[in-house]
Amino acid sequence: MTKEEQQLSPVTCSAHHRAISDTMDILSGKWKIRIIGELIFGKKRFGELLSSIEGIAAKMLSKELQDLETNQLVKRTVRQTKPITVEYELTAYGRTVKPVITAMANWGQQHRELIRKKQ
């Protein structure tokens, strides 16, 4: 039995699957990863996010931002300007997701190239 096989005991696998499930629960859906992907580049106002994420409705963006805020990935700041401005940015904890998003983007690009070559 290899060292890698020894590390994959039922207990280890179960914990691994729970961790993946937890991650998917937080990041799942059509929009959350795209929202995080936009915020990786810095603060954005609600309207900027709405414009930059093609196809998302304002109500859905609001809901997804609230979920991300609840999970401490996004910080919402209300600026006392006229009119009032609301900005969103990744928290320090939210920025820890960047390597995951980057890995997904790299994999997606490689996959797209692979599929195009087969056509």
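The values are calculated or read from the model by the stated rules, or taken from the named source; none is laboratory data. Owing to the predicted nature of the structure, the values given are computational and were not obtained by experimental measurement. Glycine gets a Cβ as well: all are built from the backbone with ideal geometry, and neighbour counts include every protein chain shown.
Residue pairs, Cβ under 9 Å, 6 or more apart or interchain, first in region 38-57 and within 15 Å of residue 78 (Cα to Cα), second of a type in the set (Val, Ile, Thr). List them.
Close Cβ pairs satisfying both conditions: 43/77; 45/85; 45/86; 46/85; 46/86.
Check residue 113 against each of (1) of a type in the set (Asp, Glu); (2) under 23 Å from residue 70 (Cα atoms); (3) over 14 Å from the mean Cα position of the chain (by Cα) and name the one condition it does not meet.
Looking at each condition in turn, residue 113 falls short on (2).
Just for helices (runs of 4 or more DSSP H) wholly inside region 17-119: which have at least 1 residues that are in contact with a Leu (Cβ under 7 Å, 6 or more places away or on another chain)?
So the answer is 32-39, 46-52, 58-70, 92-95.
Are any residues in region 78-112 closer than 21 Å to residue 34 by Cβ and among the charged types (D, E, K, R), and if so, which ones?
Scanning region 78-112 gives 87, 89, 95, 98, 112.
Looking at 81, 91, which is the one that is among the β-branched types (Val, Ile, Thr) and modelled with pLDDT under 95?
None of the others qualify; the one that does is 81.
Of all residues in region 67-110, which are among the polar types (S, T, N, Q) and more than 15 Å from the chain's Cα centre (by Cα)? First the steps, then the outcome.
Quick first cut of region 67-110, residues among the polar types (S, T, N, Q) only: 70-72, 77, 80-81, 85, 91, 96, 102, 106, 109-110.
Result: 77, 80, 81, 85, 109, 110.
Among residues belonging to region 27-66 that are over 11 Å from the mean Cα position of the chain (by Cα) and among the charged types (D, E, K, R), point out the one that is surrounded by the most Cβ atoms within 10 Å (Cβ to Cβ).
Among residues in region 27-66 that are over 11 Å from the mean Cα position of the chain (by Cα) and among the charged types (D, E, K, R), the one surrounded by the most Cβ atoms within 10 Å (Cβ to Cβ) is 44.
In this structure, does residue 70 turn out to be loosely packed, with under 12 Cβ neighbours inside 10 Å, of a type in the set (S, T, N, Q) and in contact with a Phe, Trp or Tyr (Cβ under 9 Å, 6 or more places away or on another chain)?
So residue 70 does not fit the description; no.
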